[in-house]
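Q: Handing you a structure now.
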Amino acid sequence: MFYELAASTWGEEEKAAVEAVLASGRYTMGEQVAAFEREFADYFGAAHGIMVNSGSSANLVAVAALAHKAERPLRRGDEVIVPAISWATTYHPLQQYGLKLRFVDVELETLNMDVAKLEAALTPRTRAIVPVSILGNPAGLDVIRAFADAHGLYVLEDNCESMDAELNGRKTGTFGDLNTFSFFFSHHISTMEGGMILTDDRESADLCRCLRAHGWTRDLAPDTSLYQRASSDHFEAYRFILPGYNVRPLEMEAAVGRRQLEKLPGFTAARRRNLALFQKLFAGDERFIIQKENGKSSAFCFTVILNPARRPDREKVFAALKEADIGFRIITGGCFLRHDVLKYYDYDIVGRIENAYTAHDLGFFVGNHPFDLTPQIERLRDVLDKACD
Ligand SMILES: Cc1ncc(COP(=O)(O)O)c(C=O)c1O
């Protein structure tokens with residue numbers, strides 16, 4: 001395809017890392033995972049990193065950890081404020097833990113949760129906010145953090161789409177009490193499948209380590225607050241204290257992640273160069289609403305929303321993109337309220353949802369990759385210009 005939605009960023013280093021793990025004979029969670037967790041946490045200045053087998057699992061384990069905290073755990077029926085646009089597995093763990101979602105509309109320009117609506121979203125039962133920075137563009141995380149602190153709410157930052165983005169000089173994925181990342185194919189770094197939770201809170205980190213692997217104690221240091229070690233090593237080797245999962249990562253994934261992390265600053269710089277061109281070619285053209293940066297985007301992809309005021313014909317645009325061999329898709333998971341799965345959810349809508357529907361109905365995104373896309377972005381501009389004349 002001329003302009004791909006997704007592309008590999010692996011070089012010889014990543015393949016060699018996989019080979020080395022194969023040669024070692026140790027495939028599941030071991031020293032590569034431990035090293036990657038340390039290096040990844042250091043990159044973001046976090047105290048603890050817990051790697052899991054996907055970003056979805058990171059969200060699941062993070063919600064489970066908040067539900068098992070010794071003090072002020074999340075309980076069934078508690079309310080969580082969420083944006084109307086995100087990926088399905090931002091929301092599913094909240095549903096699975098019996099939480100009630102309060103959907104807040106997004107801003108049409110940033111595609112992130114409209115923080116002006118936080119006050120209206122708050123009720124006496126609100127216990128947490130799940131901000132999501134969409135496609136590399138930082139959400140209003142500073143405002144959300146301050147709001148959460150003022151009202152005693154947890155912040156679970158789903159940063160699965162925005163690794164290496166920055167707001168006021170601080171990296172996204174560091175504003176939450178727990179912060180999640182995805183290393184899926186074509187994300188900012190890719191380990192095949194993979195995810196990470198970052199936190200500065202030791203108890204939350206221990207809960208995640210335990211919940212990630214069967215709910216057993218084996219991966220916890222002796223000074224953990226989660227349980228008292230018994231004298232029998234025989235029992236301790238298989239001691240279960242939480243209703244956990246097995247969402248452990250593989251050594252191959254972590255070994256690849258270490259090589260990719262070394263390349264991340266270069267990847268982000270290349271993505272941002274493409275973003276600069278995209279912005280130059282599309283900004284100021286009132287036919288197209290493109291994502292307005294809040295802080296520094298890490299430019300996962302480029303969104304285009306056809307301006308509703310001009311009564312656009314999206315099918316005509318889609319046909320032109322197909323004809324030009326340009327890949328495109330729905331923005332993240334679209335407006336979540338449009339999905340059938342919602343019938344399983346306990347939820348409320350805060351005020352009116354309009355922008356998320358507009359993005360769903362009139363928007364799409366094209367890919368961005370950590371290498372020069374000048375010809376692709378120029379062709380995109382050309383095709384859209386003609387399709388929307
Ligand atoms: C916002 C968001 N959360 C969670 C995920 C899930 O990540 P994964 O595909 O690694 O399970 C994604 C996937 O891209 C995402 O965009």
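The values are calculated or read from the model by the stated rules, or taken from the named source; none is laboratory data. Here the structure is a predicted model, which means the values were calculated and not measured. Cβ: placed from backbone, ideal geometry, glycine included. Neighbour counts: every protein chain shown. For the accessible areas, the whole protein counts, side chains as well, though only heavy atoms, and no ligand, DNA or RNA atoms are used. Shrake-Rupley method; radii C 1.70, N 1.55, O 1.52, S 1.80 Å.
Q: Sequence gap at least 6, Cα distance under 8 Å: using those rules, report the relative contact order of region 213-314 to the nearest whole percent.
A: Normalised by residue count, the contact order of region 213-314 is 21 percent.
Q: Rounded to the nearest 500 deg cm²/dmol, what is the calculated helix-only ellipticity per residue at 222 nm for the chain, with -39500 (n - 2.57) per DSSP H run of length n ≥ 4?
A: Counting only the DSSP helices, I get -11500 deg cm²/dmol.
Q: Apply the Karplus parameterisation 6.51 cos²θ - 1.76 cosθ + 1.60, with θ equal to phi minus 60°, to every residue of region 6-21 and state each ³J(HN,Hα) to the nearest whole Hz, in sequence, with x for glycine and proline.
A: Each residue of region 6-21 in turn: 9, 8, 6, 10, 7, x, 5, 4, 5, 5, 5, 5, 5, 4, 5, 5 Hz.
Q: Once you list every other residue whose beta carbon is under 13 Å from the beta carbon of Leu156, what net charge do they have if Lys and Arg are +1 and Asp and Glu are -1?
A: -2
Q: Excluding Gln32 itself, what net charge comes from residues whose Cβ is under 10 Å from its Cβ, given Lys and Arg +1 and Asp and Glu -1?
A: -2
Q: So with the 1.4 Å probe, I'd like the accessible area per residue for region 228-360, rounded to whole Å².
A: Computed with neighbouring chains in place, this is 51 Å² per residue.
Q: If amide hydrogens are placed 1.01 Å from N in the peptide plane, which non-local residues have theirs closer than 5 Å to the one on Ile353?
A: So Ile353 has HN proximity to no qualifying residue.
Q: Read phi for every residue in region 145-161 and hand back ³J(HN,Hα) as whole Hz from Karplus 6.51 cos²θ - 1.76 cosθ + 1.60, θ = phi - 60°, with x for Gly and Pro.
A: Once θ is set to phi - 60°, the couplings for region 145-161 become 4, 5, 5, 4, 5, 5, 10, x, 9, 6, 10, 10, 8, 8, 9, 5, 10 Hz.
Q: Here is a further query. How many nm is it between the label spots at Arg311 and Thr28, if each spot is 7 Å from the Cα in line with the beta carbon?
A: 6.1 nm
Q: So, counting K/R as plus one and D/E as minus one, what does the shell of residues with Cβ under 15 Å around Arg76 add up to?
A: Spelling it out: positives minus negatives among the neighbours equals +3.
Q: What ranking do 267-273, 57-63, 116-122, 71-77 get when scored by the average of other Cβ atoms within 10 Å per residue, highest first?
A: 57-63, 267-273, 116-122, 71-77
Q: With +1 on each Lys and Arg Cβ and -1 on each Asp and Glu Cβ, and nothing else charged, work out how big the dipole of region 38-94 is about its Cα centre, in Debye to the nearest 20.
A: I would put it at about 180 debye.
Q: Follow-up question, since we're still on this one. Sort 152-161, 357-366 by the packing proxy (mean of other Cβ within 10 Å over each peptide's residues), most packed first.
A: Listed from highest to lowest mean packing, they are 152-161, 357-366.
Q: Let's see if you can work this out: charge +1 on each Lys and Arg Cβ, -1 on each Asp and Glu Cβ, no other charges. What is the dipole magnitude of the chain about its Cα centre, in debye to the nearest 20?
A: Around 520 debye, computed over the chain.
Q: Over region 74-131, give the accessible area per residue in Å² for a 1.4 Å probe, as an integer.
A: Accessible area per residue, region 74-131: 34 Å².
Q: Would you mind working out the magnitude of the charge dipole of region 9-167 relative to its Cα centre, with +1 at each Lys and Arg C-beta and -1 at each Asp and Glu C-beta, to the nearest 20 Debye?
A: Charge dipole of region 9-167: 1040 debye, to the nearest 20.
Q: From a point 7 Å beyond the Cα of Asp385 in the direction of its Cβ, which residues of region 277-301 have a backbone N at a distance under 11 Å?
A: 281-282
Q: Once a ≥ b ≥ c are taken as the square roots of the eigenvalues of the Cα gyration tensor of the chain, is the result rounded (a/c under 1.5), prolate (a/b larger than b/c) or oblate (a/b not larger than b/c)?
A: The shape class here is oblate.
Q: I've got another one for you. With the full set of protein chains in place, find how many percent of the accessible area of the chain is carbon and sulfur; take the probe as 1.4 Å.
A: Accessible surface attributable to carbon and sulfur in the chain totals 51 percent.
Q: Right, here's the next one. I need the phi-derived Karplus couplings for region 205-219: 6.51 cos²θ - 1.76 cosθ + 1.60, θ = phi - 60°, integer Hz, Gly and Pro marked x.
A: 4, 5, 4, 5, 4, 6, 5, 5, 10, 6, x, 8, 8, 4, 8
Q: What is the helix-to-structure angle for 374-387, meaning the angle in degrees between its Cα long axis and the longest Cα principal axis of the chain, kept from 0 to 90 and rounded to the nearest 10?
A: Once rounded, one gets 50 degrees.
Q: Separate question: Considering the dipole of region 86-167 built from charges on the beta carbon (Lys and Arg +1, Asp and Glu -1) around the Cα centre, which of Ser162, Trp87, Pro124 is farthest to its positive end?
A: Looking along the dipole axis, the top candidate is Pro124.
Q: Moving on to the next point. Could you grab the relative contact order for the chain? Cα pairs under 8 Å, six or more apart, rounded to a whole percent.
A: Computed over the chain, the figure is 24 percent.
Q: Among 130-136, 17-23, how do they line up by average Cβ neighbours within 10 Å per residue, starting with the highest?
A: 130-136, 17-23
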